[in-house]
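S.K.: Structure provided below as structure tokens; questions to follow.
The values are calculated or read from the model by the stated rules, or taken from the named source; none is laboratory data. All values reported here derive from a predicted model rather than from experimental measurement. We place every Cβ from the backbone using ideal geometry, glycine too, and count neighbours over all the protein chains shown.
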Amino acid sequence: MIEPRKNFTIRLSDEEREQAEYDAKANNMKLSDYVRYLITHGGRVDTTLAYDRRNLISQISGLCNNYNQMTRTANGCGYVFDSTMRTGNHLHEQIKDLLQEVVNSWQ
């Protein structure tokens, strides 16, 4: 015996509904069949990406703050020690590496 289907409601904006209707029509499907197909074949959303992205951006922000503080101090003194320059270069490299990691994770 075939199990009866059950109904449920989803709320969409006008734009989202129009997009779903357009996509269903483009695939020669009824809207309900199209949504059912997306649910069964669409895969899962990786929610860890948002957390990882937020963590990387937080790290970049902290490094940039350190870099700005060091630059402000160096400008106030009128001179920069070699060790300060090395630290600045190291921070700059860390920032570049983290930004590259963010770019790679967004792709």
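S.K.: Can you list residue pairs whose Cβ atoms sit under 8 Å apart, with the first residue in region 1-17 being assigned by the TED database to the domain that holds Ile39 and assigned to a helix (DSSP H, G or I) and the second being surrounded by 10 or more Cβ atoms within 10 Å (Cβ to Cβ) and modelled with pLDDT of 80 or more? Count only pairs 6 or more apart in sequence or on different chains.
M.R.: none
S.K.: Applying the selection to region 61-82, what residues are in a loop (DSSP other than H, G, I, E, B) and surrounded by 10 or more Cβ atoms within 10 Å (Cβ to Cβ)? Reasoning before the result, please.
M.R.: Step one: of region 61-82, the residues in a loop (DSSP other than H, G, I, E, B) are 78-81.
Answer for region 61-82, where residues must be in a loop (DSSP other than H, G, I, E, B) and surrounded by 10 or more Cβ atoms within 10 Å (Cβ to Cβ): Val80, Phe81.
S.K.: Just the residues that are under 25 Å from Tyr51 (Cβ atoms), exposed (fewer than 14 other Cβ atoms within 10 Å of the Cβ) and touching a residue at least 12 places away in the same chain (Cβ under 8 Å), please, taken from region 83-98.
M.R.: none
S.K.: What number of residues in region 51-64 are out of contact with any helix residue (DSSP H, G or I) (no Cβ under 8 Å at 6 or more places or on another chain) and either closer than 15 Å to Leu99 by Cα or among the small types (Gly, Ala, Ser) (or both)? First the steps, then the outcome.
M.R.: Taking region 51-64 and keeping what is out of contact with any helix residue (DSSP H, G or I) (no Cβ under 8 Å at 6 or more places or on another chain), we get 51, 54-55, 58, 61-62.
Okay, now just the ones that are also either closer than 15 Å to Leu99 by Cα or among the small types (Gly, Ala, Ser) (or both), so 54-55, 58, 61-62.
Selection size over region 51-64: 5.
S.K.: For region 7-21, give me each residue that is exposed (fewer than 10 other Cβ atoms within 10 Å of the Cβ) and more than 30 Å from Val102 (Cβ to Cβ).
M.R.: Restricting attention to region 7-21, the residues satisfying the condition of being exposed (fewer than 10 other Cβ atoms within 10 Å of the Cβ) are 7-11, 13-15.
Matches in region 7-21: Asn7, Phe8, Thr9, Ile10, Arg11, Asp14.
S.K.: While we're looking at this one, here's another question. I'd like to check something: does region 31-43 contain any residue that is outside any helix (DSSP H, G or I) and at positive phi? Walk me through it before giving the result.
M.R.: To start, the set of residues in region 31-43 that are outside any helix (DSSP H, G or I) comprises 42-43.
Now narrow it down to the ones that are at positive phi: 43.
Yes.
S.K.: Sticking with this one: Do you know which of the residues in region 22-50 that are surrounded by 10 or more Cβ atoms within 10 Å (Cβ to Cβ) and within 29 Å of Leu98 (Cα to Cα) is modelled with the lowest pLDDT? Full working, then the answer.
M.R.: Looking only at region 22-50, we keep the residues that are surrounded by 10 or more Cβ atoms within 10 Å (Cβ to Cβ), and these are 22-25, 27, 29-38, 49-50.
When the remaining residues are screened for being within 29 Å of Leu98 (Cα to Cα), the result is 49-50.
On the way: Leu49: 68, Ala50: 73.
Residue satisfying both the conditions and the ranking: Leu49.
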